[in-house]
Amino acid sequence: MSFLPEDPESQILALTARTTLDETATARLRTLLDGPVNWERLYRMALRHGVVALLYRHLSKIQPNACPPAWRERFAAEARVLAVNNLQQTQELLRVVTYLEEEGVPVIPFKGPLLAGLIYQDPSARVYVDLDLLVRREDFARARALIEALGYRAYRPIRPGEEEAFLKTQLGFEFVHESGLFVIELHWAFFYTIYDLPLDPQAIWSRHRQVTFAGRPIRTLAPEDLLLYLVIHGNKHRWLKLNWVADVAELLRTYPELDWHFVLAQAQQLGVLRILEIGLILAGEILAAPIPAMLQQRLGQVRTARRMAHRVAQQWIFQDEADRTAFWPMFWYHFRERERWRHRWGYLRHHLKLALTPTEKDRAFFRLPRSLALLYVFLRPVRILLERFQPGLKS
């Protein structure tokens with residue numbers, strides 16, 4: 001079962017979306033670069049998958065003259081812009097984290113510059129657009145006030161009296177800097193309650209560690225917790241971008257001594273063992289991640305996870321014209337990923353609620369007095385069907 005298409009652009013992308021190449025991978029890349037390459041397609045793919053910096057690094061090192069000068073300059077320009085942006089983001093991360101810690105609010109950065117620095121050993125190697133910070137739920141109000149003191153404003157204000165309900169149902173709050181250059185997502189949980197994937201923030205806080213980043217001590221997730229977060233996050237988005245697979249692969253390269261017994265036990269307890277298997281299969285098959293021997297036999301035998309990973313690679317990651325927004329393929333993928341029927345029922349219940357809950361479009365379609373508002377449940381499917389078969393009705 002091949003996870004990679006035969007076209008040279010997909011194979012070049014898979015070979016270069018990693019920090020290091022062994023001799024076999026280097027020789028294969030040279031062979032591909034000696035043949036015909038659709039450079040425009042490769043450029044578009046690298047941008048969409050967020051791996052242009054890694055691609056440019058390997059092209060420059062291994063066979064720089066293989067790339068036509070015009071395309072080589074476009075790759076270089078993208079890499080320069082990314083490096084400048086990521087340097088600014090890194091400086092801002094350190095400013096914000098230092099301030100919160102000095103004011104007595106512990107904070108754990110995850111994803112963003114710290115993730116790139118830890119597992120890619122280079123903050124400019126990974127694309128990111130915001131700074132994700134984890135605080136304890138009881139510190140949210142204090143953290144919010146401190147962030148606002150640094151020139152940030154809430155992207156969507158919380159109405160008076162709604163904060164407690166917001167903290168129960170949401171996972172984070174977004175702030176935009178007055179310069180427009182930086183966005184902070186302040187988290188107290190990791191996933192919306194609809195996903196029913198209870199990574200326990202308190203347990204993660206108890207296991208977190210400190211590392212040195214840019215010459216300063218900074219908190220980070222334990223690598224086992226980070227791995228579980230990355231596979232759940234990538235799977236939530238159906239691994240549509242190769243950089244999410246690369247995150248998993250690079251973490252495995254950076255932390256070869258992971259406590260796999262703990263990882264597997266946690267995945268089993270959370271009901272995300274299949275999600276973990278899909279992520280590891282993709283990282284191993286596409287990016288040659290070092291899968292421990294104790295797991296290789298297991299991953300070769302989990303048929304459902306392998307089929308789902310193969311579909312992700314063939315139909316979504318490497319397909320230019322794939323419809324990545326179609327509802328039913330997305331729904332069935334996430335339905336099948338769940339190992340327990342109570343999780344499947346929770347996912348189904350969420351979508352039933354979405355299907356039946358009236359929206360502003362329903363109210364605009366037919367105005368009802370407040371006393372008859374319950375009838376919108378019946379009008380909603382009528383409105384959706386009419387829109388489907390009479391496109392002119394769409395707003």
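The numbers here are math on the coordinates, done by the rules we state, and not lab data. Small disclaimer: the values here were computed from a predicted structure and weren't measured. We place every Cβ from the backbone using ideal geometry, glycine too, and count neighbours over all the protein chains shown.
Between the stretch 86-146 and the stretch 294-323, what's the alpha-carbon centroid distance in Å? Cα centroid of the stretch 86-146 versus Cα centroid of the stretch 294-323: 32 Å apart. Placing unit charges on each Cβ (+1 for Lys and Arg, -1 for Asp and Glu) gives the stretch 193-267 a dipole about its Cα centre, and among Trp205, His233, Asn243 the Cα reaching farthest toward its positive end belongs to Asn243.
Computed from backbone phi with θ = phi - 60° and the Karplus coefficients 6.51, -1.76 and 1.60, the 3J(HN,Hα) list for the stretch 28-40 is 5, 5, 4, 4, 5, 6, 6, x, x, 9, 7, 5, 5 Hz; x is used for glycine and proline. Ordering 15-21, 289-295, 110-116, 268-274 by mean Cβ neighbour count within 10 Å, with the highest value first, yields 110-116, 15-21, 268-274, 289-295. What does the C-alpha gyration tensor say about the overall shape of the stretch 1-156? Classify as rounded when a/c is under 1.5, otherwise prolate if a/b is larger than b/c, or oblate. Prolate. Magnitude of the charge dipole for the stretch 1-82, about its Cα centre and with charges confined to Cβ atoms of Lys, Arg (+1) and Asp, Glu (-1), is about 280 debye. The alpha carbon gyration tensor of the stretch 1-80 gives principal lengths a ≥ b ≥ c with a/c below 1.5, which makes the shape rounded. Across the stretch 89-106, computed HN-Hα scalar couplings (Karplus, 6.51 cos²θ - 1.76 cosθ + 1.60, θ = phi - 60°) run 5, 5, 4, 5, 4, 5, 4, 5, 5, 4, 5, 4, 5, 5, 8, x, 10, x Hz from first to last residue, x flagging Gly and Pro. When only Cα pairs below 8 angstrom with a gap of at least 6 residues are kept, the stretch 13-127 shows a relative contact order of 26 percent. Phi angles of the stretch 45-54 translate, via the Karplus equation with coefficients 6.51, -1.76, 1.60 and θ = phi - 60°, into HN-Hα couplings of 5, 4, 5, 4, 8, x, 10, 5, 5, 5 Hz per residue; Gly and Pro are given as x. In terms of packing, defined here as the mean over residues of other Cβ atoms within 10 angstrom, the peptides 276-288, 124-136, 38-50, 219-231 line up highest first as 276-288, 219-231, 124-136, 38-50.
Only one residue of Leu82, Gly112, Pro69 has its Cα farthest out toward the positive end of the dipole of the stretch 63-119, where Lys and Arg carry +1 and Asp and Glu -1 on Cβ, and that residue is Pro69.
Positive contributions from Lys and Arg (+1) and negative ones from Asp and Glu (-1), summed over other residues with Cβ under 15 Å from the Cβ of His261, come out at -2.
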